[in-house]
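> One structure, pasted below without further comment.
The values are calculated or read from the model by the stated rules, or taken from the named source; none is laboratory data. In this text, all values refer to a predicted model and were calculated from it rather than measured experimentally. Every residue, glycine among them, receives a Cβ derived from its backbone with ideal geometry; neighbour counts consider all protein chains shown.
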Protein chains: 6
Amino acid sequence: MIYITRREQFNAAHKLFREEWSDEKNMEVFGKCSNPNWHGHNYELFVTVKGEINPETGFVIDLKTLKDIIRRYITDKLDHKNVNLDVDFMKGKMASTEVLAVEIFNELKTHLGEREVTLHKVKLVETENNFVEYYGEQPD
Amino acid sequence: MIYITRREQFNAAHKLFREEWSDEKNMEVFGKCSNPNWHGHNYELFVTVKGEINPETGFVIDLKTLKDIIRRYITDKLDHKNVNLDVDFMKGKMASTEVLAVEIFNELKTHLGEREVTLHKVKLVETENNFVEYYGEQPD
Amino acid sequence: MIYITRREQFNAAHKLFREEWSDEKNMEVFGKCSNPNWHGHNYELFVTVKGEINPETGFVIDLKTLKDIIRRYITDKLDHKNVNLDVDFMKGKMASTEVLAVEIFNELKTHLGEREVTLHKVKLVETENNFVEYYGEQPD
Amino acid sequence: MIYITRREQFNAAHKLFREEWSDEKNMEVFGKCSNPNWHGHNYELFVTVKGEINPETGFVIDLKTLKDIIRRYITDKLDHKNVNLDVDFMKGKMASTEVLAVEIFNELKTHLGEREVTLHKVKLVETENNFVEYYGEQPD
Amino acid sequence: MIYITRREQFNAAHKLFREEWSDEKNMEVFGKCSNPNWHGHNYELFVTVKGEINPETGFVIDLKTLKDIIRRYITDKLDHKNVNLDVDFMKGKMASTEVLAVEIFNELKTHLGEREVTLHKVKLVETENNFVEYYGEQPD
Amino acid sequence: MIYITRREQFNAAHKLFREEWSDEKNMEVFGKCSNPNWHGHNYELFVTVKGEINPETGFVIDLKTLKDIIRRYITDKLDHKNVNLDVDFMKGKMASTEVLAVEIFNELKTHLGEREVTLHKVKLVETENNFVEYYGEQPD
């Protein structure tokens, strides 16, 4: 069993807020992250899959395949977009790093499908000072 | 003469567009950077000043002073904000990295005022793949 | 269960030595790390906590809370200090990266107290070429 | 139990190909990584060992010892070399990041021998966008 | 006048040697960089152009244009290639970082042609410990 | 004319203070940087030299030569040392980044001597948030 990780990036806007709350309540709970006119980040996404090495190729998975799946189902939907407004799999959800990481994991799990590798981890870096890691429902 | 640089950061939303243009024209010229619902970045700002070393302190300038000026006049206005909508010195201007760097330089020049150091350069990093440098009207 | 990590930094002096040993013995065991007049590092501290996402906020923990605890109990005591001489929770202990990481973990565990998250890991980076990770007494 | 990691680097050439395949078949499976005249990377190698802290030294292991073993048995053989042609422990093997990480792990396990620490993980970074992690035959 | 920089990357093999010299002479002058079976690097290329801001777009140059030129004429020819053997503009030249930076500058100058911006600098990073900068025949 | 830069590092302790001042006065002027028991940094030193390319080797200067000079005269004296107490060329001087950069430049200029390259710049990085650049008495 070996683990391989692919990094992708996306630049997106978001805010943290609940529509049913006043601006004051949102500011109290979410601070500057609730700025009504949005703010944004250069997100870094690290996707880790695990599997056995194919003796013919030396690969666990062709990284080009993994890259194409990440781009098609995740980063093409997020890059130069608004996480709250533009992203199908985030509709009606809080646009926190935690929730975004979970939803990315679930999307990837679906779209990886039956395959020679298993999705192991999604790591989502929001700034150089904070990141989130999610291993699916049964944490490692 | 010696050069000292302070790094600060801000996370902001923006888009590239001209109001008088259609969405199609904006998309044609600015591509995905014109996404109507905004996108965003973790910007890194490097401010370089130059001067002589004060023999008593070994400093060109107390970096705390420089940091306070940058935060008060620049990054507190930009961090967790929308560059197009929320920032007084960007009102009515294109929110490109180039224009933002020039305006930051001009704001800093004003607020540094008469002092032991001269503003030398503003470097503004938008993503790991592109950045802008501005030295004022008489380039170095 | 999801994992969230906050990075903080501190710049500190230290040395590796045992008072009851001669300078020669200290040099033999600890090499240049035992320089009698100290040396120092820009330490990077990564604190990882784990918990469930609060559906109302999308947070595992408000990162501002986590940051405040780390700064108050850990990095404010270490930043611009001497690890061997100035830090209450390091008194009488070896100032190695390993011991410092364990003591930081134990301090954080105490000061996080009963809370919605559990302390998962402390990662302490001493230089770009070495770092230590500690998961508490029952390693993960 | 505490984990300590040492980073080393090496600059090497390699290609992905199977001699018994035609250039076309190799290009089809391995893409540009099969360029007949080789290509290369600045590899980063992170070696993690685990053990108990020695109360006399505060060390899990003297990092100088770990560094010397990594250099002698691994990076001195790989640095400024061709992974496919010049490296004894890679002879007859696919020069993929996955296989290289496994072989480095196995070499290190042998040469660390009976010692106060156990080899925990080898992480091998090929580019800023991909890396491999291997924990030995019983993954963590 | 403002300066904008685009980063691109390429992974390539090379060696430093003179065919008319013996292996011993090459080893004496170039050390391990002359390994007959090649070695390689993850090169980072920073291309800086300068010009005036277009008031309509806020751009000095559309970075997509700059990226396309760099990729078409430079990095597509270098990425996953052998600098000594595979690259038309390096034929018959020493594959040192210095010479490669100069040749990249000259190629870019030709292919940028008459345009709203001027090529200012090529910075070529070979490893985290060394890089070369070239400003054309009249250095800045 | 081409510019080549070598990076070296050193981990050192220092403090900012004037012996003839009280602790209170030192604290007032230098803040936490005057901690009596020292603090420290992982310094990064970038040394840039300029010259013509030697057509036989493709080198401006053999980087091994440059590295050996930097290590012998600069970083071996600073690494795992106290800048205020242990470094011959800093005796009696303020241990600020500015002064240290100037003194390193002057030492290197002396020890490079008459040679095929000229010392162009010393860049000294104290933390990820500040660095100093010095070009000698006639700034570039």
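> Applying the selection to the stretch E:95-116, what residues are under 20 Å from E:Leu63 (Cβ atoms) and either in contact (Cβ under 8 Å) with a residue 60 or more places away in the chain or within 11 Å of chain F (Cβ to nearest Cβ) (or both)?
Scanning the stretch E:95-116 gives E:Phe105, E:Leu108, E:Leu112, E:Glu116.
> Just the residues that are closer than 20 Å to C:Asn82 by Cβ and away from chain C (no Cβ under 14 Å), please, taken from the stretch F:1-20.
F:Arg18, F:Glu19
> Within the bounds of the stretch D:67-87, is there any residue that is of a type outside the set (A, V, I, L, M, F, W, C), surrounded by fewer than 15 Cβ atoms within 10 Å (Cβ to Cβ) and closer than 30 Å to C:Lys91 by Cβ?
Among the residues of the stretch D:67-87, not one is of a type outside the set (A, V, I, L, M, F, W, C), surrounded by fewer than 15 Cβ atoms within 10 Å (Cβ to Cβ) and closer than 30 Å to C:Lys91 by Cβ, which makes the answer no.
> Name the residue that is surrounded by the fewest Cβ atoms within 10 Å (Cβ to Cβ), counting only residues in the stretch C:88-116 that are closer than 23 Å to C:Lys50 by Cβ and over 13 Å from the mean Cα position of the chain (by Cα).
Within the stretch C:88-116, the match that is surrounded by the fewest Cβ atoms within 10 Å (Cβ to Cβ) is C:Glu114.
> Out of the residues in the stretch C:38-60 that are without any contact (Cβ under 8 Å) to a residue 12 or more places away in the chain and touching an Asp or Glu at 6+ places or on another chain (Cβ under 8 Å), which is surrounded by the fewest Cβ atoms within 10 Å (Cβ to Cβ)?
Per the stated criteria, the residue is C:Gly58.
> Would you say E:Asp76 is modelled with pLDDT under 95 and not aromatic (Phe, Trp, Tyr)?
no
> Which is over 23 Å from C:Lys123 (Cβ atoms), out of contact with any Pro (no Cβ under 9 Å at 6 or more places or on another chain) and within 14 Å of chain F (Cβ to nearest Cβ), of C:Lys81, C:Lys77, C:Lys32, C:Lys25?
C:Lys32
> Further question: Just a yes or no: is a residue in the stretch B:27-39 of a type in the set (Phe, Trp, Tyr) and within 30 Å of F:Leu16 (Cα to Cα)?
No.
> Is it the case that some residue within the stretch C:43-51 is more than 14 Å from chain F (Cβ to nearest Cβ), within 27 Å of F:Gly31 (Cα to Cα) and over 18 Å from the mean Cα position of the chain (by Cα)?
No, there is no match, as no residue in the stretch C:43-51 is more than 14 Å from chain F (Cβ to nearest Cβ), within 27 Å of F:Gly31 (Cα to Cα) and over 18 Å from the mean Cα position of the chain (by Cα).
> Identify the residue in the stretch D:7-25 that is surrounded by fewer than 20 Cβ atoms within 10 Å (Cβ to Cβ) and farther than 15 Å from D:Ala101 by Cβ and, among all such residues, is modelled with the lowest pLDDT.
D:Asp23
> While we're on this one: Residues in the stretch E:34-77 that are in contact with a strand residue (DSSP E or B) (Cβ under 7 Å, 6 or more places away or on another chain) and more than 14 Å from E:Leu108 (Cα to Cα): how many?
14
> Could you go through the stretch C:126-140 and let me know if any residue there is assigned to a strand (DSSP E or B), surrounded by 17 or more Cβ atoms within 10 Å (Cβ to Cβ) and among the hydrophobic types (A, V, I, L, M, F, W, C).
Yes, because at least one residue in the stretch C:126-140 is assigned to a strand (DSSP E or B), surrounded by 17 or more Cβ atoms within 10 Å (Cβ to Cβ) and among the hydrophobic types (A, V, I, L, M, F, W, C).
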